[in-house]
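Below is one structure, written out as structure tokens; the observations come after it.
The values are calculated or read from the model by the stated rules, or taken from the named source; none is laboratory data. Because the structure is a prediction, the values reported are computed rather than measured. Ideal geometry is used to build each Cβ from the backbone, glycine not excepted, and the neighbour counts take in all protein chains shown. Accessible surface is based on the protein model in full, side chains and every heavy atom, while ligands, DNA and RNA are left aside. Shrake-Rupley method; radii C 1.70, N 1.55, O 1.52, S 1.80 Å.
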Amino acid sequence: MSIDDSGRAGGAAKGSPALEASTGAQLREIRLSRGLSLTEVAHQADVTKGFLSQLERGLTNVSVATLLRVCDVLKIGVGELFAYPDEQVVEGGSRIDMGGEGVTEYLLTPASATAFQVFRSVIEPGGGTGGPYRLDTTTIFALGLSGSTRLIVGGETRMLSAGVSTSFSGRTLHQFDNPGTTISEVLWVLSPPLLRVAREPS
């Protein structure tokens with residue numbers, strides 16, 4: 001499914017309907033609770049009204065950067081959209097949607113883990129974040145589990161294969177994709193966890 005952040009391209013394909021509809025439905029519910037119109041949020045998030053409407057209905061995909069912009073307009077942290085595991089012993093993890101294309105991600109830590117947060121990304125060939133973004137977290141540790149993942153941090157390319165790791169500040173502009181022909185997997189550790197409530201401007 002193609003990423004269409006501007007909403008100016010042709011009709012969007014649909015994929016992972018249950019999860020995308022769930023994320024979009026959450027965004028719509030929060031928007032309505034804030035008393036904001038589609039037009040207001042779309043303008044502030046720099047997307048079209050049509051694109052935002054499709055996103056809320058689970059009919060299109062979104063890059064990580066655009067999802068973060070929408071969350072910022074709604075005054076929530078992206079962590080508010082996650083389904084957190086309830087168990088202390090987590091099997092498989094909870095499927096989450098952080099945006100991007102061809103990326104399936106799982107949250108492996110419960111909400112009670114306040115010092116760090118762990119994700120596993122499964123990235124299809126050609127899949128990725130759909131562009132660079134920043135996260136409001138101090139440190140990100142990435143460990144390649146399988147395949148080959150291209151991570152670009154502040155313009156520097158770091159290739160992650162099985163057993164290869166790296167660390168960087170989440171506030172540094174970064175992105176990742178799978179340039180190979182087989183699925184790749186990466187384990188991410190974020191400290192502190194992604195915010196559930198937006199940080200107030202200083």
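A few points about this structure:
- Overall form of segment 87-202 per C-alpha gyration tensor (a/c, 1.5; a/b vs b/c): oblate
- Rounded to the nearest 20, the size of the Cβ-charge dipole of the chain about its Cα centre is 360 debye, with Lys and Arg at +1 and Asp and Glu at -1.
- Thr181 contributes an accessible area of around 130 Å² to the protein surface, as traced by a 1.4 Å probe with all chains present.
- Scattering curve values for the chain, log₁₀ I(q)/I(0), Debye with Cα scatterers, q = 0.09 Å⁻¹: -0.32
- Rolling a 1.4 Å probe across the protein heavy atoms gives the chain an accessible surface of 48 Å² per residue.
- Taking 7 Å steps out from each Cα toward its Cβ at Glu91 and Thr139 produces label points 3.2 nm apart.
- Cβ-derived FRET efficiency at R0 25 Å, Ala162 paired with Lys75, nearest 0.05: 0.05
- Carbon-plus-sulfur accessible fraction, the chain (probe radius 1.4 Å, protein heavy atoms only): 52%.
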